[in-house]
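The values are calculated or read from the model by the stated rules, or taken from the named source; none is laboratory data. Please read these numbers as outputs of a predicted model, since none were measured by experiment. Glycine gets a Cβ as well: all are built from the backbone with ideal geometry, and neighbour counts include every protein chain shown.
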Amino acid sequence: MNLDDYRGVWVFIEQNDSKIEGVSLELLGAGRKLADKLQVPLAGFLLGHDVKPLANQVISFGADVVYVIDHLVLKHYRTESFMKGVMLLAQKYKPEIILYGATPNGKDLASAVATDLSTGLTADTTMLDVDVENRLLEASRPAFGGNIMATILCKKHRPQMATVRPKVMKALDPDSSRLGKIIEEKIDLKEEEMRTKVLQIVNDVTKKANLADAHVIVCGGKGMGDFQNFQLIHELAETIGASVGGTRDVVEAGWLPHEQQVGQTGETVTPKIYFAIGISGAIQHVVGMKNSEFIIAINKDPNAPIFDVATYGIVGDAMEIVPKLIEQFKQLRSEKGGEISYA
Amino acid sequence: MPEKFDVIIVGAGPAGTSCALTCAKNGLNVLLIERGEYPGAKNVMGGVLYRKQMEELIPEFWKEAPLERPVIEQRFWMMDKESVVQFGYKGLEWAVEPYNNFTVLRAQFDQWFANKAVEAGALLINETVVTECIVENGKVVGVRTDRPDGEIFADVVVLADGVNSLLSKQLGFHKEFRPDEVALTVMEVINLPKEKINDRFNLEDNQGCTIEIFGDSTKGNLGTAFLYTNKDSLNIGVGTTLSSMIKAKLKPYELLDYLKNHPMVKPMLAGGESAEYLAHLIPEGGYRSVPKVAGNGVIVVGDAAQLVNAIHREGSNMAMHSGLLAAESILEAKSRGDFSEASLNIYREKLFDSFIIKDLEKYKDAAHTFEKYPQYFNDYVPMMNKAMSKFFTVDGTPKREKQKQIMKNVTAEKGTLKVLQDIYRAWKAVK
Amino acid sequence: MHIVVCVKQVPDTKIIKINPKTNTLDRRSAPAILNPYDAHAVQEAVKIKENTGGTISVLSMGPPQATAVIKKSIEIGADRGFLITDRAFAGADTLATSYALSKALERINKEIPVDMVICGKHAIDGDTGQVGPGIARRMDIPPVTNVIEVSEVNQKEKTVLIKRKLTSGYELIQSEMPCLLTVEKEINGIEYSPMPNMIKAARYEPIIWAVSDLENVDRTQLGLKGSPTIVGKMFTPPRPEGGKRLEGSADEQVGQLMEVLMEKRDLLTMQSSK
C-alpha cells in the first residue's frame, strides 16, 4: 500500500427521509479544519434515493466536493448495500481520512467498511486532530468507562477512519454562496440480491432518556429538605430537558425510585453537565458522578466536599437559587420561541 | 432428582473457604455457595491477614497470594482533638519470611483464596442466596436457595454466612443480636502513590504499617479506628458499636469523614483519592455471644459464630481456623458415618481447645467494660495527651515537678479512688 | 438451529481504577466480568432456543482465565463453550479480533452449521461495537446491529424478523439466516439461572483452542501484527477551571451561572439522550 496515493478528508453524510443528520454537519465542520491543515479538499459522500438535492447543503456546510450515489435500493440504510457504495467510492478516489457519525447506522457502516478495506477504525471519537508532517489522524476517545482519553493512530493503512460522537464537534455556519463540485457515481445493485429487507421504520422521539446515557442530569440530595421541595429538581430538569437523579438518601427516603440513584450503589453517570443540588458530596455519591464533564454544585454548607469536585460552586440555599434558575431558563425559552438556544 | 453433596458451605469468606478447601483436599464432594458476585465482593476486613492460620491451610501462601505489604510495624495511637500519644513496635524480623501479618485487599484475596478451594475440587457458585436450611426430622439435610429448582442436599451444611447469620437464627442457634453486640465498621480505600506512602510512614517498598487509633477517632463513641498501608493505597476505617451509633444519631460516613479530617490523620491522607467505600457489621460480642455451633447435620463457623476478638481486631484468622476445625470435624464425622449433633459437636470441643475461644474468654468483659464506662476513651485519652504535652513542653519546670503536677491534675479531675477503680476494672477486662 | 454467541471478559468499568501517575488501568481492583451486553446476547439465544430447539455455543477470545465468562454463559443456559487463547492473539484491535473469531467460527461451522451469530452491542471496556459487524463481513453473512427484538425465527424459510434500534425510534427488518445480530440490553431481562445450570456451569470445562487448532490462519492478521490501529498516548481529560466559587447575592450568582452555561451552550441542548 502506497500511503501517498491517498489524499483528502471525507465525511459520511447520513440522511433520513432526505434530512441530513446533525452529526454529519458537525463532522463537516471538524473535517474542514483537518482538510485545511493537510491542504486537501474536504468531501462529503451521500448515499440514498433522491438525495442529490441535499448536495448543495453539504457544500454550504463546508465541503469542496460531494460524491453522490443515488439508487432505489439505497432508499433505506442497510449495511450490505451502503457498504458496497462506500467501497466503490473509497477504492476509486482513495481518501486518506473518512469520518462517520457514531450513530447506529454510522457505526454499523464504518465497521463493515473497515473490515473489507482492512484498515483501522477508531470508535466514538471525541477529539480530532492531525499530525500534519506524518499526515496522521489523531483520533482521541474516552477509554475504560470514560476515566481517561486514548489517542488512536493508524500508521500503515489508509484510509484512516473514525466514528465521532454526536454533539461534540461544531458545525460551521452554513454559507450558501460556497462553491463545490458534485460528482455522481453509478452503482449496480439488485433488490433481489439483498439479504435483508427494511419492512417498516417507526420514529419515536418521546422515549425517555436513561440516566446512564443522559447528557444533562439534575441531581438532588437530602439538602432539598423534603419531598415537596424536591419537586424543584424535577421542575428544573424539565425546563432544561435533563434527566433527574438523586442520592442514596433521597432514594431511601422514597423521593425517587432506585433506578434514578447516582453513586456507588446506583448508576455511574458521565453526563456533559451535572447539577448537584443539596448534595454534600459523600464519597459513595462522588464516585458515581465525578467524571461528569461540567459539574455545578449548589449547597448551603461552604465546606461541603461536593465543592471539591465541582467546576462551579454556589454557596447558597437551593430553595432560593433553583427557582431563580428555572425562571431564567423559562425566560430564555419564551424569547427564543420554545427552544433554549443561546446563539 | 436434585444432587446430593457431602458438604454444602454457605458463604465464601475466610471461614467458609478454609472449610471448603480442607474438605475438598480430603476428597469430599463440596459445594460452596456465595451470595456476592464473587468471593470478596461483599467483604470488608480491616485489611490484616495473619500468617499463622493461613499457613496451616496453604503453606508458603505469601509466594503467590495477592498480598499488599508485610506488616513490620504496629502503632497504637491515643488520640485527642489536637494531639496524639503514640507507642508501637517496628521490627525487621517481620520483613522477611515467614513474616508475621500482611495487609490485604479483601476483594482480591478472597477471590484468590476461593480459587484455591476450587482447584482442590470444590464447586463454587456465586450470586446465590441461601434462603433457608431444609430440615427433616430435626436434621438439616440441605439448603433452599433463591434460584429456580434451588434445593440441594448434603450430609452436612456449614453456615459461614457472616455476622447476621439468618440461617443460624432460623435454626434457633442464636437470637437477634443486640445493637451493643455488633459493631459497624465503615472503611474507605484511598489511592496514594507508593512513594508517598513510603515517605509518610517511613517504610520501604515491601514493608507495611498498621495504626490502631483510640480516643477522638470515634467522636467519643466506643470503638476504634485504623489506618493500614497497602501497596499504593491506604485502608482507613472506624468502627463503633451499633448501639452507640444509634445513641449519638450518627451516620457511618459522618464518623469516617470526621476521622479523615482529624488534624492528626488528614496529612497522612493528603492528595489521596477515594477508590472504594464500604460499610460492614462486625460481631463484637466476644465470648458471651458465641452461640450454639453444631447441630444435626449443621455446623456454624467464622463471624456467623461470633468468633471475633473485638479488642485485637482479629476476625479473619479466627474465621479461617474455625473453618479448618469444622472441616476436620466433618471428616471425622464422615469416617464414623454419623452427622448427628453428638457427632459434630467434636467441633465445639475443638473450638474450645483452640486459641479462639481461649482468647475470646480472656477478653470476654472488655467490650462491655468499655461500653459501660466511656471514660476510658472520653477522659483518659485526653488526660494522657495533656500529661504528655505538659511533660514534654520545655518551660523551665523540672521533670520531677511536672510528674507531680500531672498526677495532681489527674486525681483532681477524677478523684484518686475513681482513677484506681477504673484502672483496676480495665486491667481485669483485658488481663 | 445452531446459535453461536460471541462473548468477552471485561473489567467491570464501574469500579475500575486508573493509576493517575501512569494513566494505566489498575486491573488488580477491577473484577473481571462477562460483558453485560453479551449476557443479554446469551439470554436471547436461550429465548430463541426455547422455541426452535437446537444448540447454543459460546465463543470467546482472551486469556486462559476468560473461561470464567464461558462458565457464566453456561449458567445463563448455553450448551457449550469455546475459548480461543494464544499469545499470537495478544494486542489485537477490533480488526484482528474479528479475524481470529471468524476463524474459530469457521471451525465451529464445519462441525455444526451455524444459523445465527449473536454478539453484544459493544464491550464496556472498549465501547467500539466494531467486532460484530466485522465478523459478519468475514463470514459473508448480513449483520444487523442494535437489535431490540427478535421474532419469527422461520427455520424452514431461513428468515428472521428483527427490530433494530435507531437514533430515534426503530426499524423492522427481515433478514435471511445465517445472519449476525448485535443486541442492546433492552432486548431482554437476564433470567435468574436455575440451580442445576449453576452446578453444571461450575463443573463445565470449556473447549480451549490455540491458533494451531484453527485452519487456514494467516498469522500476519492476528494480534498486534494484524492490528492497523495503535494507542498513541493516554491522557486525563482536562477538567475545565475546577472548583470555582461564584460570589455575590443569589441573583448575581444565578446570573454568573447562566453566563457560564451559555458559554457551554453546545453541551446543553434540548435533547437529553446521548
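Looking at B:Glu68, B:Glu82, B:Glu73, can you tell me which residue is surrounded by fewer than 18 Cβ atoms within 10 Å (Cβ to Cβ) and either under 25 Å from the mean Cα position of the chain (by Cα) or among the charged types (D, E, K, R) (or both)? Let's see the steps before the verdict.
Details: B:Glu68 fails: surrounded by fewer than 18 Cβ atoms within 10 Å (Cβ to Cβ); B:Glu73 fails: surrounded by fewer than 18 Cβ atoms within 10 Å (Cβ to Cβ).
Matching residue, one of B:Glu68, B:Glu82, B:Glu73: B:Glu82.
What are the residues in segment A:223-251 that are over 21 Å from A:Ala282 (Cα atoms) and acidic (Asp, Glu), if any?
A:Glu235, A:Glu238
Report whether or not A:Ile201 is away from every other protein chain (no Cβ under 11 Å), hydrophobic (A, V, I, L, M, F, W, C) and more than 22 Å from A:Val322 (Cα to Cα).
On the way: away from every other protein chain (no Cβ under 11 Å): no; hydrophobic (A, V, I, L, M, F, W, C): yes; more than 22 Å from A:Val322 (Cα to Cα): yes.
So A:Ile201 fails the test.
From (1) within 18 Å of A:Ala110 (Cα to Cα); (2) surrounded by fewer than 19 Cβ atoms within 10 Å (Cβ to Cβ), pick out the condition that doesn't hold for A:Glu21.
Status for A:Glu21: all satisfied but (2).
Is it the case, given these coordinates, that C:Ile148 is surrounded by fewer than 19 Cβ atoms within 10 Å (Cβ to Cβ), touching a strand residue (DSSP E or B) at 6+ places or on another chain (Cβ under 6 Å), more than 20 Å from C:Ser102 (Cα to Cα) and more than 7 Å from chain A (Cβ to nearest Cβ)? Give the steps one after another, and end with the answer.
Values: surrounded by fewer than 19 Cβ atoms within 10 Å (Cβ to Cβ): yes; touching a strand residue (DSSP E or B) at 6+ places or on another chain (Cβ under 6 Å): yes; more than 20 Å from C:Ser102 (Cα to Cα): yes; more than 7 Å from chain A (Cβ to nearest Cβ): yes.
Yes, satisfied.
Being modelled with pLDDT under 80, surrounded by 13 or more Cβ atoms within 10 Å (Cβ to Cβ), in contact with a helix residue (DSSP H, G or I) (Cβ under 6 Å, 6 or more places away or on another chain) and at the interface with chain A (Cβ under 7 Å from one of its Cβ atoms) narrows it down to one of C:Lys264, C:Lys274, so name that one. Even if it seems obvious, please write down each step before you answer.
Numbers: C:Lys264 fails: in contact with a helix residue (DSSP H, G or I) (Cβ under 6 Å, 6 or more places away or on another chain).
Of the residues listed, the single one that is modelled with pLDDT under 80, surrounded by 13 or more Cβ atoms within 10 Å (Cβ to Cβ), in contact with a helix residue (DSSP H, G or I) (Cβ under 6 Å, 6 or more places away or on another chain) and at the interface with chain A (Cβ under 7 Å from one of its Cβ atoms) is C:Lys274.
Can you name the residue in segment A:66-87 that is under 29 Å from A:Asp129 (Cβ atoms) and assigned to a helix (DSSP H, G or I) and is also nearest to the other protein chains (Cβ to nearest Cβ) among such residues?
Only one residue fits best here, namely A:Met83.
Assuming B:Val141 fulfils every condition listed in (1) under 23 Å from B:Val298 (Cβ atoms); (2) within 14 Å of another protein chain (Cβ to nearest Cβ) apart from one, which condition is it?
Among (1) under 23 Å from B:Val298 (Cβ atoms); (2) within 14 Å of another protein chain (Cβ to nearest Cβ), the lone unmet condition for B:Val141 is (2).
Quick one: which of C:Ala78, C:Ala123 is at pLDDT below 95, small (Gly, Ala, Ser) and part of a loop (DSSP other than H, G, I, E, B)?
Working: C:Ala78 fails: at pLDDT below 95.
Matching residue, one of C:Ala78, C:Ala123: C:Ala123.
Can C:Asp38 be described as within 29 Å of B:Pro39 (Cβ to Cβ) and surrounded by fewer than 21 Cβ atoms within 10 Å (Cβ to Cβ)? I'd like the intermediate steps shown before the answer.
Details: within 29 Å of B:Pro39 (Cβ to Cβ): yes; surrounded by fewer than 21 Cβ atoms within 10 Å (Cβ to Cβ): no.
The answer is no for C:Asp38.
In contact with a helix residue (DSSP H, G or I) (Cβ under 8 Å, 6 or more places away or on another chain), within 14 Å of chain C (Cβ to nearest Cβ), under 27 Å from B:Leu159 (Cβ atoms) and not in a loop (DSSP other than H, G, I, E, B): is that true of B:Ala114 in this structure?
Numbers: in contact with a helix residue (DSSP H, G or I) (Cβ under 8 Å, 6 or more places away or on another chain): yes; within 14 Å of chain C (Cβ to nearest Cβ): yes; under 27 Å from B:Leu159 (Cβ atoms): yes; not in a loop (DSSP other than H, G, I, E, B): yes.
Taking the combined requirement at face value, the residue satisfies it.
Of the residues C:Gly169, C:Gly129, C:Gly120, which single one is facing chain A (nearest Cβ under 7 Å) and either crowded, with 21+ Cβ neighbours inside 10 Å or within 30 Å of B:Lys4 (Cα to Cα) (or both)?
Values: C:Gly169 fails: either crowded, with 21+ Cβ neighbours inside 10 Å or within 30 Å of B:Lys4 (Cα to Cα) (or both); C:Gly120 fails: facing chain A (nearest Cβ under 7 Å).
Going through C:Gly169, C:Gly129, C:Gly120 in turn, the sole match is C:Gly129.
Residue check: is B:Ile211 in contact with a Phe, Trp or Tyr (Cβ under 8 Å, 6 or more places away or on another chain), at pLDDT 75 or above and within 20 Å of B:Glu276 (Cβ to Cβ)?
Yes.
Can you name the number of the only condition in (1) at pLDDT 85 or above; (2) farther than 20 Å from A:Ala318 by Cβ; (3) outside any strand (DSSP E or B) that A:Gly223 fails?
Here A:Gly223 meets the rest and fails (2).
Only residues that are hydrophobic (A, V, I, L, M, F, W, C) and touching a Gly at 6+ places or on another chain (Cβ under 7 Å): list them for segment A:115-140, please.
Start the filter on segment A:115-140 by keeping residues that are hydrophobic (A, V, I, L, M, F, W, C), which leaves A:117, A:121, A:123, A:127-128, A:130, A:132, A:136-137, A:139.
Within segment A:115-140, A:Ala123 is the sole residue that qualifies.
For segment B:284-300, what are the residues that are modelled with pLDDT of 70 or more and either aromatic (Phe, Trp, Tyr) or assigned to a loop (DSSP other than H, G, I, E, B) (or both)? Steps first, answer last, please.
First, the residues of segment B:284-300 that are modelled with pLDDT of 70 or more: B:290-300.
Those that are modelled with pLDDT of 70 or more and either aromatic (Phe, Trp, Tyr) or assigned to a loop (DSSP other than H, G, I, E, B) (or both): B:Val290, B:Pro291, B:Lys292, B:Val293, B:Asn296, B:Gly297.
Where the second residue is in a strand (DSSP E or B) and basic (Lys, Arg) and the first is facing another protein chain (nearest Cβ under 8 Å) and lies in segment A:106-124, which pairs have Cβ atoms under 6 Å and are six or more apart or on separate chains?
Pairs found: A:Asp124/A:Arg141.
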